[in-house]
1. When only residues in segment B:155-165 that are more than 14 Å from every other protein chain (Cβ to nearest Cβ) and of a type outside the set (Lys, Arg) count, which is farthest from B:Cys108 (Cα to Cα)?
2. Looking only at residues that are open to solvent by 40 Å² or more (accessible area, probe 1.4 Å) and of a type in the set (Val, Ile, Thr) in segment B:98-113, which one is farthest from the chain's Cα centre (by Cα)?
3. If B:Tyr191 satisfies every condition in (1) open to solvent by less than 20 Å² (accessible area, probe 1.4 Å); (2) more than 18 Å from the chain's Cα centre (by Cα); (3) not polar (S, T, N, Q) but one, which is the exception?
4. Looking for whichever is under 24 Å from B:Arg227 (Cα atoms) and within 8 Å of chain B (Cβ to nearest Cβ) here; the options are A:Ser193, A:Ser226. Which one fits?
5. From the residues in segment B:132-146 that are touching a residue at least 12 places away in the same chain (Cβ under 8 Å) and surrounded by fewer than 17 Cβ atoms within 10 Å (Cβ to Cβ), which one is nearest to the chain's Cα centre (by Cα)?
6. What are the pairs with Cβ atoms under 8 angstrom where one residue, in segment A:38-51, is away from chain B (no Cβ under 12 Å) and the other, located anywhere, is assigned to a loop (DSSP other than H, G, I, E, B)? Sequence gap at least six, or different chains.
7. Regarding B:Thr173, is this residue in contact with a Pro (Cβ under 7 Å, 6 or more places away or on another chain), away from every other protein chain (no Cβ under 11 Å) and of a type outside the set (A, V, I, L, M)?
8. In segment A:128-142, what count of residues is obtained for those that are more than 17 Å from A:Ser205 (Cβ to Cβ) and either in contact with an Asp or Glu (Cβ under 8 Å, 6 or more places away or on another chain) or more than 11 Å from chain B (Cβ to nearest Cβ) (or both)?
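The values are calculated or read from the model by the stated rules, or taken from the named source; none is laboratory data. Computed from a predicted model, the values in this text were never measured in an experiment. So basically every Cβ, Gly included, is an ideal-geometry build from the backbone, and we count neighbours across all protein chains shown. All accessible areas refer to the heavy atoms of the entire protein, side chains included, with ligands and DNA or RNA removed. Shrake-Rupley method; radii C 1.70, N 1.55, O 1.52, S 1.80 Å.
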Number of protein chains: 2
Amino acid sequence: MKDLFADANFPRTLDQRVYHLGIRAGEVANRIITVGSPSRAKRIAGLLDASPWHLTTERGFLIFTGRYQGIPLSIVSIGMGNSMADFFMREVRECLSGDMVVVRLGSCGGLGDVEVGSVVVPRASIAVNRNYDYDFQTGQSTEPPYRYSKPVQADEELRAAVAKALRDTHPPTVTAGVITDTINASTDSFYSSQGRQTSFPDHNSEVIRNLQSLHKDLATFEVTRSRLFALRSVRR
Amino acid sequence: MKDLFADANFPRTLDQRVYHLGIRAGEVANRIITVGSPSRAKRIAGLLDASPWHLTTERGFLIFTGRYQGIPLSIVSIGMGNSMADFFMREVRECLSGDMVVVRLGSCGGLGDVEVGSVVVPRASIAVNRNYDYDFQTGQSTEPPYRYSKPVQADEELRAAVAKALRDTHPPTVTAGVITDTINASTDSFYSSQGRQTSFPDHNSEVIRNLQSLHKDLATFEVTRSRLFALRSVRR
């Protein structure tokens, strides 16, 4: 039997847990590292001071909360896609007071001259979305097949701090460097909106060229970042 | 150590598994029921003829393959959001030959006069997406805050068959009925694009009114269906 919800606007369980992440106030720290996969979250959680508190929800979220060198820190695995990022940002926000500091750590595809093994700290992200109103069956349409948003900016203070920390701790044996002067494209499909060819008619052969002509400093592709930046930029 | 991928266009592991769902040809049936949550997938899998084959991947997918009354059937939990639906459709398609029949089973929010407990089989879905180019901070913009797609059609033959089967097996003790003459809105956020008020300035107080004035027969909200319909409609 499901819980009864008193509020359809922002549903919580009877014990005041946000519905999709399953946490409540006190179970998440103001400093958060977010990743896409549970195994990466577990690996990072292994660096915390002692056995952290953790919660797995069946909606695809895994949350660890503990301390790193004495400082409260949460690690949250949020799966793939901007919808998942949206659930994460809104529900965690409701469990916190004060600043919410989010660093996203993930792997991504490189465009152009990004050396494998590089760490990229983008200063902004473009959202790339398939346009449902384009006629993908015929390719005949007055609409474009994909929409490219304007760059959504990262928090500059946080980005600079992350970049400095990465440079200060960069292993001298690793030749690939820390890249901080580029932007990222965050897409609604790993396949069509990143220009891959599958068995569906995606009319996407121009996607990478279009993006590169719009943004000379585009360096990486992934599927989650733009919503994190977008919600950051509007927080009151 | 990660697998080495020979093809960045459609990556597979060395044993020919598609990368995010983790399956390969022979492990998925042409008839598929897809759901959002693992517990629902497990419950349905309990109805299969014998203990089904199953696979959990850390990207949020859970797959059961077995037989129902002798007919091969897969049940796939795909989590939340259209990006997850996109991974599912493309990677399963690459593991199958012939027709791929997908029925999505999920819960959703009702708009207007939909009785709680109703089963709704929409004939189309609208995609509702937050417009990253709108200025959500100030509310000053020449852009609209949300974009509403045209209706994306379900497969009519499959929809009629599902609706007939649901009516034929409808328990007489359940007063809520089977609704088949409405459309659905599939949104990129459970919160902002469905008109909920959270602590972010979403400028979404008009979303439901706008949708209802565009589509008199809009009955339900959820977060995954439009991409399933969109990829169905273009399959060659």
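1. B:Glu157
2. B:Val101
3. (2)
4. A:Ser226 is the lone residue from the list that is under 24 Å from B:Arg227 (Cα atoms) and within 8 Å of chain B (Cβ to nearest Cβ).
5. B:Pro144
6. A:Ile44/A:Leu105; A:Ala45/A:Pro52; A:Asp49/A:Gln69; A:Asp49/A:Gly70
7. no
8. 3
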